[in-house]
Structure formats: C-alpha cells, structure tokens
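The values are calculated or read from the model by the stated rules, or taken from the named source; none is laboratory data. From a predicted model like this one, the values you see are computed outputs, not experimental measurements. Using ideal geometry, Cβ is built from the backbone for each residue, glycine included, and neighbour counts are taken over all protein chains shown. Areas reflect the complete protein model, heavy atoms only, side chains present, ligands, DNA and RNA absent. Shrake-Rupley method; radii C 1.70, N 1.55, O 1.52, S 1.80 Å.
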Amino acid sequence: MNTYKRFAARIAGEVDAVVAFSPVNRRWLTDFKSSAGYVVVTPERCFLGVDFRYIEAAKKAGEAAGIEVFMYEKQLESLANLLDGLNVGTIGYEEEYMTVAQFKNFKNALGKYKYIGVSKLFTQERSVKEPFEVERMAKAQEITDKAFMYALSIIRTGMTERQLRNEIDSFFINNGADGNAFESIVLSGENTSRPHGVPGDREFRTGDLILMDTGSMYKGYCSDMTRTVALGYIKDEAVEAYNAVLAAQEVALNSIKAGEKAVLMDKTARDLLASYGWTKEFGHSLGHGVGLEIHESPYQSTVSKDVLKAGQVVTVEPGVYFEGRFGIRIEDMVLVTETGIRNFTGSKKQLIVV
Ligand code: GLY
Ligand code: MN
C-alpha cells in the first residue's frame with residue numbers, strides 16, 4: 001500500500017501537513033473505509049483518527065500499513081491537538097469537498113495556520129493507480145463481464161428492465177463484489193435513446209435493442225462497461241449505427257497511450273461518427289477516469305485539458321442516440337500504458353443477438 005507514501009512525498013515542499021475529511025481521499029490514503037474520521041499526512045507520517053465505532057478495525061488495518069491510528073471523542077479538538085504537536089505552519093485542505101460552514105469551523109478550531117487548497121493534488125495523484133488498485137479494478141471488471149454473460153443467458157421477451165437490472169445487481173453481490181459501482185442502467189427499445197435513462201417496467205419485445213451500462217465495485221474500486229445487444233433480430237436501421245459506434249470506439253482505443261491529449265481521443269471518435277453525419281447524436285463526452293469513484297480524473301471530452309499518464313484508468317464509451325427510436329453505446333475500461341492500453345474488459349463487443 002503505497003498511496004499515502006506517494007502522497008507524503010508529493011506534498012513535501014508544498015505544505016507541512018494535509019488534512020483529509022472526504023471519505024474517498026481517506027479511503028485512498030489508508031485503504032480503510034469509515035463513515036467519519038480524518039487523515040493527516042505530513043511528508044514523513046500518516047495519522048488516521050476515527051471514533052469508537054471503527055477503532056478496533058482501523059488499528060488492525062492501519063498499523064499493518066505503518067499508519068498511526070487513534071480514537072477521538074471530539075474530532076476537531078483532537079485534530080487541533082495533533083497539529084499542535086507536529087509543529088506545522090501550512091495546512092493543505094480539501095477546498096473542493098468542504099462546505100463553507102465546515103471550513104469556518106475547521107479554521108476556528110485549528111487556529112492561525114496558513115491554509116492551501118490541495119484538492120487538485122488529490123485528484124492528480126489518485127488518477128495514477130498503484131498495482132494493488134489496478135488488480136482490484138481488473139477483478140471488478142471480471143465480475144462485471146461474468147454478470148453480462150449471466151444477463152445474456154436470462155434475457156427473454158416479457159422480462160422488464162427493472163427485473164434484469166435486479167438480476168445483474170444480485171449477481172455482483174453473489175459473486176464477490178461489494179455491490180454496484182453506480183446505479184445499473186438497463187434500457188430497452190425506444191428507451192435506449194436516453195443515455196442515462198432509468199430502468200422501468202417496460203417489457204422486452206422481439207426486435208428490441210437492450211442497453212446495459214453496469215459495473216461492480218470490488219474492495220472499493222469501480223468498474224464500468226456498456227454493451228448493447230439485440231433481442232431476436234436487429235432492425236436494419238440499427239446495424240449501421242452499431243458498426244459505426246464500434247469503429248469509433250476502436251479508433252479511440254487505438255489512439256490511447258501515455259502522453260496523448262485526452263481531447264484528441266475524444267476527437268478521433270467524434271470525427272468518425274461525424275463522417276456518418278452524426279454529431280448531435282453523440283452528445284456526451286467520450287469517457288472518464290475511474291477508480292475509487294466512478295467518475296474521476298482524467299476526462300476525455302471536447303474541452304479536456306488532461307494529458308494521459310501511464311497508470312490511469314479510463315473509459316472509452318462512444319454512442320449515438322436517436323430520440324424516440326433507439327440508442328447504442330459501447331464502453332470498455334482500460335489502463336493507460338507507455339505504449340498503449342491494457343483493456344480490462346473481456347466481454348465481446350461484436351453485435352450479439354440473443
Ligand atoms: N457508466 C456510468 C457512467 O459512466 O456515468
Ligand atoms: Mn462510463
């Protein structure tokens with residue numbers, strides 16, 4: 001577990017200590033999940049403060065990783081005492097997480113330090129995965145691939161979107177996942193034209209497209225995959241769109257490597273779909289980073305300033321959507337490497353008719 005050590009090295013020279021309250025940054029630094037608590041990182045040390053509910057488990061997990069774990073009764077009072085003892089002058093805080101009221105209380109309790117926002121340092125560092133994080137994400141995707149195979153085996157006419165969604169969600173839990181990485185999306189027929197539609201009681205019919213955007217979470221880490229399949233047969237109007245989306249995804253996947261601008265990845269897919277005359281039909285961005293959060297840095301969009309780095313995990317998810325008729329999206333999750341990608345996604349993406 002090197003995340004807090006890497007972060008400690010990263011903050012040296014910028015701040016004397018960082019205080020993290022957000023669940024995601026606390027989890028990333030310590031690999032310990034709790035609903036409340038705080039983490040303090042200095043260039044040399046990492047402290048985890050939790051309340052009575054978590055102390056036994058936190059001690060076991062944290063101390064094995066070299067983290068100094070203690071219990072507090074009054075959170076801000078204990079934090080002020082800890083910082084007093086550390087002889088620090090500049091404190092990094094999560095300006096993109098704390099509310100104005102929380103920041104006010106925090107400053108009042110701590111005293112007259114110099115405060116510097118470090119949310120961007122967290123997002124940048126979290127975007128590059130450690131080997132243990134990569135393996136968890138691979139496992140999360142493996143469970144998602146198995147859930148897709150299971151879904152294919154049970155899809156039938158008369159089943160509803162919600163029924164299939166529930167089956168996929170149960171499969172995740174029953175096959176070693178923590179649960180969902182996000183609310184599973186299962187859409188059918190004309191509902192597939194809504195990129196993030198909500199599964200409802202529509203029953204599957206022969207000739208429907210069925211879009212499944214699902215991902216399991218494994219030991220805190222997310223996966224994300226979309227597949228669109230046809231039930232019984234595929235209507236002619238959808239064949240060209242399916243092949244175009246697949247080609248757009250392939251060209252974008254082939255453009256990825258460390259040092260590539262994320263905006264160019266988006267452009268390769270967007271240009272390909274534009275060559276079919278589909279511009280407004282691809283109305284969302286090409287993809288996003290994934291990790292402890294389903295959407296995190298870097299972002300592949302028309303306005304992205306991100307440059308890809310080896311160790312980042314991103315999705316590639318072009319789609320086209322024709323209002324009131326149908327939509328198609330194909331999404332893989334990949335690791336960026338120096339020379340290209342490692343694609344975590346094992347599910348077939350040539351058109352499947354079930
Ligand atoms: N698969 C969910 C999302 O990317 O928003
Ligand atoms: Mn996605």
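Before moving on, here are some points about what is shown:
- Subset of segment 202-217 that is within 18 Å of the chain's Cα centre (by Cα) and surrounded by fewer than 24 Cβ atoms within 10 Å (Cβ to Cβ) - its residue that is nearest to Ile154 (Cα to Cα): Asp213
- With respect to the conditions (1) within 15 Å of ligand 1 (Cβ to nearest atom); (2) without any contact (Cβ under 8 Å) to a residue 60 or more places away in the chain, Ala247 lacks only one, and its number is (1).
- From the options Gly346, Gly289, residue that is more than 16 Å from ligand 1 (Cβ to nearest atom), out of contact with any Leu (no Cβ under 9 Å at 6 or more places or on another chain) and of a type outside the set (A, V, I, L, M): Gly346
- For segment 192-217, filtering for residues that are more than 14 Å from ligand 2 (Cβ to nearest atom), touching a Phe, Trp or Tyr at 6+ places or on another chain (Cβ under 9 Å) and not hydrophobic (A, V, I, L, M, F, W, C) leaves 6.
- Criterion: touching an Asp or Glu at 6+ places or on another chain (Cβ under 7 Å), closer than 23 Å to Gln350 by Cα and acidic (Asp, Glu) - qualifying residue of Asp266, Asp224, Asp236, Asp271: Asp224
- Matching entry among Lys120, Lys114, Lys146 (being open to solvent by 20 Å² or more (accessible area, probe 1.4 Å), of a type outside the set (Asp, Glu) and touching a helix residue (DSSP H, G or I) at 6+ places or on another chain (Cβ under 8 Å)): Lys146
- Every condition in (1) more than 24 Å from the chain's Cα centre (by Cα); (2) touching a residue at least 60 places away in the same chain (Cβ under 8 Å); (3) farther than 19 Å from Leu110 by Cβ is met by Glu14 except one, and the failing one is (3).
- Some residue of segment 256-269 being open to solvent by 40 Å² or more (accessible area, probe 1.4 Å), over 21 Å from Glu135 (Cβ atoms), within 21 Å of the chain's Cα centre (by Cα) and within 16 Å of ligand 2 (Cβ to nearest atom): no
- Every residue from segment 164-185 that is within 17 Å of the chain's Cα centre (by Cα) and either touching a residue at least 60 places away in the same chain (Cβ under 8 Å) or surrounded by fewer than 16 Cβ atoms within 10 Å (Cβ to Cβ) (or both): Gly179, Ala181, Phe182, Glu183
- Qualifying residue in segment 46-68 (condition: crowded, with 17+ Cβ neighbours inside 10 Å, hydroxyl-bearing (Ser, Thr, Tyr) and more than 22 Å from Gln124 (Cα to Cα)): yes
- Looking only at segment 321-330, and only at residues there that are in a strand (DSSP E or B) and away from ligand 2 (no atom under 16 Å from the Cβ), the one that is surrounded by the fewest Cβ atoms within 10 Å (Cβ to Cβ): Phe322
- Within segment 285-311, considering residues that are among the acidic types (Asp, Glu) and part of a loop (DSSP other than H, G, I, E, B), the one surrounded by the most Cβ atoms within 10 Å (Cβ to Cβ): Asp306
- Residue list for segment 219-248, filter: among the β-branched types (Val, Ile, Thr) and within 16 Å of ligand 2 (Cβ to nearest atom): Thr226, Thr228, Val245
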